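Take a look at the structure below.
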Amino acid sequence: MSANSDHDMRVARKIARAKATHMSNAKWRKLFAALHELPNGCSVIGLKLVGRTVLGVPTPGPVFEFEDHFGECGGISFVPFSHIEFVGVSNSDTTNAALIQHLNTFGNWPITEDVEGILINGYEWGEEGK
């Protein structure tokens, strides 16, 4: 087995233990499109993939070649959307309230706020899943 398939199996096992799954492939694509529509823009996001550290990446989209994964996209090329644990959006150009209000015009999102911005969560973990 390759290191990649070992990693994919570990990720799949962890995802299977999630208490709840909040985001579908379509919902992730819709989120990235909504981020491109922010009045002040959103050039970079924090992207946390299951089993990986947070990456700062250019905001993907708004158009996607594939329905279920990123295309050629730097450090996240061809990663399935289902591997996204959360997306972080900085409030450096706006407030959390304005970010949430904007995103809510596109749909309902599993959002957590903190002092640096908002997180859109792909999964809810039980205590053992963290």
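The values are calculated or read from the model by the stated rules, or taken from the named source; none is laboratory data. The structure displayed is predicted, hence computed values, not measured ones. Every residue, glycine as well, gets a Cβ built from its backbone with ideal geometry; the counts of neighbours run over all protein chains shown.
Looking only at residues in the stretch 105-117 that are within 15 Å of His36 (Cα to Cα) and within 16 Å of the chain's Cα centre (by Cα), the one that is surrounded by the fewest Cβ atoms within 10 Å (Cβ to Cβ) is Gly107.
With the condition kept exactly as written, say whether any residue in the stretch 37-49 is part of a loop (DSSP other than H, G, I, E, B) and among the β-branched types (Val, Ile, Thr). No, every residue in the stretch 37-49 fails to be part of a loop (DSSP other than H, G, I, E, B) and among the β-branched types (Val, Ile, Thr). Within the stretch 5-16, does at least one residue satisfy the condition of being part of a loop (DSSP other than H, G, I, E, B) and not β-branched (Val, Ile, Thr)? Looking for residues that are part of a loop (DSSP other than H, G, I, E, B) and not β-branched (Val, Ile, Thr), one finds none in the stretch 5-16, hence no. Note on the stretch 10-25: residues that are under 16 Å from the mean Cα position of the chain (by Cα), more than 15 Å from Val87 (Cα to Cα) and surrounded by 12 or more Cβ atoms within 10 Å (Cβ to Cβ) total 3.
As for the stretch 33-45, it holds no residue that is within 20 Å of Leu119 (Cβ to Cβ), surrounded by 12 or more Cβ atoms within 10 Å (Cβ to Cβ), touching a residue at least 60 places away in the same chain (Cβ under 8 Å) and of a type in the set (Val, Ile, Thr). Condition first: closer than 25 Å to Ala18 by Cα and over 12 Å from the mean Cα position of the chain (by Cα). Can you find one or more residues in the stretch 84-99 that meet it? No, the stretch 84-99 contains no residue that is closer than 25 Å to Ala18 by Cα and over 12 Å from the mean Cα position of the chain (by Cα).
One residue is enough: does the stretch 104-112 have a residue meeting the conditions farther than 20 Å from Arg52 by Cα and part of a strand (DSSP E or B)? Among the residues of the stretch 104-112, at least one is farther than 20 Å from Arg52 by Cα and part of a strand (DSSP E or B), which makes the answer yes. The number of residues in the stretch 11-32 that are in contact (Cβ under 8 Å) with a residue 60 or more places away in the chain and of a type in the set (Phe, Trp, Tyr) comes to 1. Of the listed requirements (1) touching a strand residue (DSSP E or B) at 6+ places or on another chain (Cβ under 6 Å); (2) part of a loop (DSSP other than H, G, I, E, B); (3) not aliphatic (A, V, I, L, M), Gly56 misses just one: (2).
Screening Gly51 against (1) modelled with pLDDT of 95 or more; (2) within 22 Å of Gly126 (Cα to Cα) leaves a single unmet condition, (1).
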